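These notes are about the structure you will find just below.
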Amino acid sequence: MTSATLLTPATSSRPGGERPGKTTRAAERAYIRVLVVLDTAVLAVAILVGYLARFGDEEPTGSEIPYVVVAPVLLLVWLVSLKAMRCYDDQVLGYGADEYRRVSAASMRLAGGIAIAGYIADVGVSRGFLAISFAVGTIGLEVARFAARKRLHRARDRGAGWSRKVLVVGDTAHVLELVHTLRREPYAGYQVVGACIPDALLAPVPQRLGDVPVVGSFRGIPEAATAIGADTVAVTASGELTATRLRRLGWQLEGTGVDLVVAPALTDVAGPRIHTRPVAGLPLIHVEAPEFRGARKLVKGFVDRSISSIALLVLAPLLIVIALAIKTDSRGPVLFRQTRVGQGGEEFGVFKFRTMVVNADALLAELAARNETDGLMFKMRDDPRVTRVGRLLRKWSLDELPQLVNVLLGQMSLVGPRPPLPSEVARYDGDVARRLLVKPGMTGLWQVSGRSDLSWEDGIRLDLYYVENWSLAADLTILWKTFGAVLNSRGAY
């Protein structure tokens, strides 16, 4: 998932010096070496699979160049293509979708180039061999990158792994906001080690913003970065940091090995909606409006209904087993139908397997004081109203499978904001009400980010982020991550 604050690279100060923080640089190089080894192994296997699938035990014919030469040359050229597409650039490694896009683009461009060159030169290398090798290799590279990234994220969550050491520069309020945003997703790899604030706010005694030490003012940013071993300076909003001073800061950091990134005040906007346009020498950021209708929405609806209908057929035996277990465990109906609010404020009945006793709503008033979440929702980790089978269903999110019927009826989507209760919607303010601009989903960013462990504020933030920045690619990513979230059972109660 994309961080809430957009970090826009302003300069990349590679040439002319070693980065401050040799440990960080060494960890970065070690991670890149691991990626190179992984990529090499994946491509070797892919080429071998392509050869065996095409020829088996037969002797290849029709090629003037023996495959014992073709295979290593293809492997080497493929690795060079990955390098040329900057697939090992530290600015795209470990976070975001750009790494995956570059890997796919490098493979596809190389495949197209080889196809054209082979046709012109009439080399005679088997097209079946190439097609299988590139298909297996491209998928394998993506899977290997995903596995390496997950390992890196786990290390970063533990405070280890390769991370950028960041000096945050700006007004105190904006510094605190950016620090909170970066720490909310530690796996992104931005470790705040210090802050610089305006001269007027400096005190004669050592200062801290929360637990972040203030290491200087705007007058000595490069020196402060060197002193604390920062390899990245993140500039956030400040009235004193004019365009001229920011440009001079970029000049000062040239050759120091310190990167400069800018965190604009514009937040919660995903990359595909942002385009930089140079106007009168200024890099103006153009933000496209959110898309709530049109062809992509029609495609999303078609995909939702298609997948839900197939899933209902495939999962029919499991649904029957769950229904029998609920009926055996406690008296009452198998399904629980509850009024929720959908797109445009229209109410509908959401279907779920019953996980509570039949008089659960009547008991809610007695348990209101034991609510364990903030905001408008009621959540209780050891809710006495939940049945024995209900706890198992909630742990694995199986109670939500009947919502596939709601998706099939067009009332919900596979991916979207959490469907709210009418009582919650009645207390929405203007901002939160934007959740109703799209269909609610069976899963969403809230599902893959902690579910019931999230605060009300974080849940709303994720829902609004999805509403503003949804895409079919993001939906597929969320669906993929949902399986991991369900298996981990994090926040499920």
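The values are calculated or read from the model by the stated rules, or taken from the named source; none is laboratory data. What you see is a predicted model, and the numbers here were worked out from it, not measured in a lab. FYI the Cβ positions are ideal-geometry reconstructions off the backbone, even for glycines, and counts take in every protein chain you see. Just so you know, the surface numbers come from the protein's heavy atoms only, side chains and all, with ligands and any DNA or RNA stripped out. Shrake-Rupley method; radii C 1.70, N 1.55, O 1.52, S 1.80 Å.
If you take the residues of the stretch 148-174 that are in a helix (DSSP H, G or I) and small (G, A, S), which of them is nearest to G194 (Cα to Cα)?
Only one residue fits best here, namely A173.
I'd like to know if the stretch 319-329 contains one or more residues that are within 26 Å of A433 (Cα to Cα) and touching a residue at least 40 places away in the same chain (Cβ under 8 Å).
Residues of the stretch 319-329 within 26 Å of A433 (Cα to Cα): none.
Looking through the stretch 319-329, none of the residues is within 26 Å of A433 (Cα to Cα) and touching a residue at least 40 places away in the same chain (Cβ under 8 Å).
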Could you name every one of the helices (runs of 4 or more DSSP H) located completely within the stretch 386-426 that has at least 1 residues being at pLDDT 90 or above and within 14 Å of E347 (Cα to Cα)? 403-408, 422-425
In the stretch 76-101, what count of residues is obtained for those that are under 16 Å from the mean Cα position of the chain (by Cα), of a type in the set (D, E, K, R) and buried (at least 18 other Cβ atoms within 10 Å of the Cβ)? 1
Single residue of the stretch 99-148 satisfying the filter (among the acidic types (D, E) and in contact (Cβ under 8 Å) with a residue 12 or more places away in the chain) that is farthest from A71 (Cα to Cα): E99
State whether one or more residues within the stretch 116-137 are of a type in the set (K, R) and surrounded by 19 or more Cβ atoms within 10 Å (Cβ to Cβ). no
Out of R305, R331, report the one residue that is among the basic types (K, R), open to solvent by 40 Å² or more (accessible area, probe 1.4 Å), out of contact with any helix residue (DSSP H, G or I) (no Cβ under 7 Å at 6 or more places or on another chain) and not in a strand (DSSP E or B). R331
Looking only at the stretch 163-179, which residues are touching a residue at least 40 places away in the same chain (Cβ under 8 Å), more than 14 Å from A230 (Cβ to Cβ) and open to solvent by 10 Å² or more (accessible area, probe 1.4 Å)? D171, H174, E177
